[in-house]
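To keep things clear, I will list the structure first and then write my remarks on it.
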Amino acid sequence: MLCDHCGKYAATTHVKKTVNGKTTELHLCAHCAAQQGIGTNFGFDLGDFWGSLFAEPAKRTQEDTVRCPDCGRSFREIADQGRPGCSTCYLTFYDRLLPSIQRIHGKTQHTGKVAAQADGTVKKERELQALRDKLNACIAEQDYETCAQLRDQIRALEQEGEA
Amino acid sequence: MAQEKWYQRSGAEGDVVISTRIRLARDLAHLPFPAWMTAEQREDVITQVFGAFPNDQPCAFERRRMSDVPARELLAMVERHLISREFARDPSGEALLITADEGVSIMVGEEDHLRIQVLRSGFDLDSAWQEATCWDDYLDTRLHFAFDERLGYLTQCPTNLGTGMRASVMLHLPALQEKGIIQQLSVTVSKLGLTIRGLYGEGSKPEGALYQISNQVTLGITEQEAIDNLRSIVNQIIREERSCREQLKDSPAFEDRVFRSLGILQNARLLTGNEFMTLISPVRMGVALGMIDHTDLNALNSLLIDAGAGALMEAAGEELDAAQRDVRRAALVRERLR
Ligand SMILES: [Zn+2]
Ligand SMILES: [Zn+2]
């Protein structure tokens, strides 16, 4: 998903705003989120996290048929028990857990170490992002020779695995 | 016991920093989190982790089942920061892997399936992280860690999602505590994604003036960023503590407190844990400032561990009641500070 604001980078910050009962979602990249002062305060409160799970009465009635394929829990059971049953719960109920996770960390996209069994798309995406950042800098500096090289590298990396 | 333990010597910035710790939370995919595991599943996790270190090869770790460890030794392990209090409470279905110098330990079956922990004397974040990430890599190739490209390592508590890394530095801050600015410091560091708390005792003046500062946020920040952030804040705290100590140094009241505390420790026949912590703190500051020269920071760091209730019982080889411990604690302290 691309940033709603600049449309250039991957959205990593997701904000929900409810005004007069109407909820709108905003998806921003790290840069635009920082510019708007979102996600820069790191404060968290554990009570806040689980409290927010309980504070979704409208959603509780729906989708309770969805269960974690590994431990069999529904979202409601996780909320009632105050913690997930297994790691797969996070993936099964990703969308519904994300607002609470963002409240804790201020961010929603992992940027640290990548485990061995990850499929590599994140690593590739990060490499691409680094190359695009370099390219932007070169364009600004009017270093067109390096630009051409970087563009080739980006194209090669993008095509990798597609063939 | 011939092998020297990590805590028996002081390290970098040892006048203020006691120790550094890196902890990584890791869970195995497709298994319930430990809180929900059956006895068989707990056994399965222990078998998998033990199995990651082949029996026919030399192993850096001693492998222990916690249910085989006597209660007094569990308490001593908590005091040596090897295991958590929660881990010691119910040792069934838990295991610990531990190196000879106790600098690396892996708790199996705590809040997460694995807690990889590296402890270092003094201020040593980089080498602690290097060692932790190395063992993490080793285990990663042999176990199937629960990981998601968006949320990072999937941990039982959402506060650990992302890197699953908690980097902590244990600080001795008697001068800042004396000045009453820890509260203010705590508010400041919380805005920077860090948390600081007293290590012993509740309230605004914990016994021993020992504090632990750690990173709080683990998602959307790299391990290196979290470590750099913590390092730069700790460096500022160290500078501040040192300058406050210099201001205290020449006051007769302070000098009196240092030597009065030393006098009691050298002569007392009964010492409770709290009294020991309260008295050792000004003595440690006196040693760091060069006012006392017949003991050193290495000896005091060891003493902080060895004077614990669990350590005293482990040394005695039997359970002791509080009164018996106070006698033994006073004897130990007299001998070490002679
Ligand atoms: Zn943007
Ligand atoms: Zn589950």
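Brief remarks on what is shown
- Separation of the B:Ala71 and B:Cys134 label points, Cα + 7 Å toward Cβ, nm: 3.9 nm
- Using 0.36 nm per residue and subtracting the Cα-Cα separation, the extra length available between A:Asp152 and A:Leu128 on full extension is 7.5 nm.
- Rounded if a/c under 1.5, otherwise prolate or oblate - segment B:1-54, Cα gyration tensor axes: prolate
- Segment B:Glu335-B:Lys191, length gained on full extension (0.36 nm per residue, minus Cα span): 47.4 nm
- Between B:Ala60, B:Ala311, B:Ala209, the GNM of chain B built on Cα springs shorter than 10 angstrom shows B:Ala60 fluctuating the most.
- The value of relative contact order for segment B:252-336, using C-alpha pairs under 8 Å at least six residues apart, is 40 percent.
- Cross-link table B:Lys205/B:Lys249; A:Lys113/B:Lys191; A:Lys107/B:Lys205, entries beyond 28 Å C-alpha to C-alpha: A:Lys107/B:Lys205
- Sequentially through segment B:269-276, phi angles give Karplus couplings (6.51, -1.76, 1.60; θ = phi - 60°) of 9, 9, 9, 6, x, 5, 5, 4 Hz, Gly and Pro residues having no value and appearing as x.
- Among B:Thr222, B:Thr272, B:Thr195: highest mean-square fluctuation, GNM of chain B, C-alpha pairs under 10 Å: B:Thr222
- Computed over chain B, the per-residue total of -39500 (n - 2.57) for DSSP H runs of n ≥ 4 gives a 222 nm mean residue ellipticity of -14000 deg cm²/dmol, rounded to 500.
- Mean-square fluctuations from a GNM of chain B, with a 10 angstrom spring cutoff on Cα atoms, peak among B:Leu96, B:Leu185, B:Leu312 at B:Leu185.
- With the largest listed first and rounded to whole Å, the semi-axes of the equivalent ellipsoid of segment B:197-273 from the Cα gyration tensor are 34, 18, 9.
- Derived scalar couplings between HN and Hα for segment B:230-238 equal 4, 4, 5, 5, 5, 4, 5, 5, 4 Hz in order, rounded to whole Hz, by the Karplus curve 6.51 cos²θ - 1.76 cosθ + 1.60 (θ = phi - 60°), x for Gly and Pro.
- Taking a ≥ b ≥ c as the square roots of the eigenvalues of the alpha-carbon gyration tensor, chain B is classed oblate because a/c is 1.5 or more while a/b is no larger than b/c.
- For segment A:120-162, convex hull of alpha carbons as volume per residue, Å³: 44 Å³
- Taking every C-alpha pair closer than 8 Å and separated by at least 6 residues, the mean separation divided by the residue count of segment B:6-244 gives a relative contact order of 26 percent.
- Segment B:166-219-segment B:1-78 distance, computed between alpha-carbon centres (Å): 25 Å
- Three-way shape label, segment B:254-333, alpha-carbon gyration tensor, a/c 1.5: prolate
- Gained length - A:Ile139 relative to A:Arg67, 0.36 nm times residue gap less alpha-carbon distance: 21.0 nm
- Calculated diffusion of the protein assembly as shown, Stokes-Einstein form, Kirkwood radius summed over Cα pairs, 4 °C and 1.567 mPa s, µm²/s: 51 µm²/s
- Once backbone amide H atoms are built at 1.01 Å from N, A:Asp4 has A:His27, A:Leu28, A:Cys29 as its partners under 5 Å, excluding neighbours fewer than 5 places away on the same chain.
- Amide proton proximity set for B:Leu151, modelled H, under 5 Å, gap of 5+: A:His110
- Distant-in-sequence amide contacts of B:Leu194, defined by a placed amide H-H separation under 5 Å and a gap of 5 or more residues or a different chain, comprise B:Gln216.
Just so you know, all these numbers are worked out from the coordinates, no wet-lab data involved. Please read all numbers here as calculations on a predicted model, not as lab measurements. Note that each Cβ is placed from the backbone with ideal geometry, even for glycine, and that neighbours are counted across all protein chains shown.
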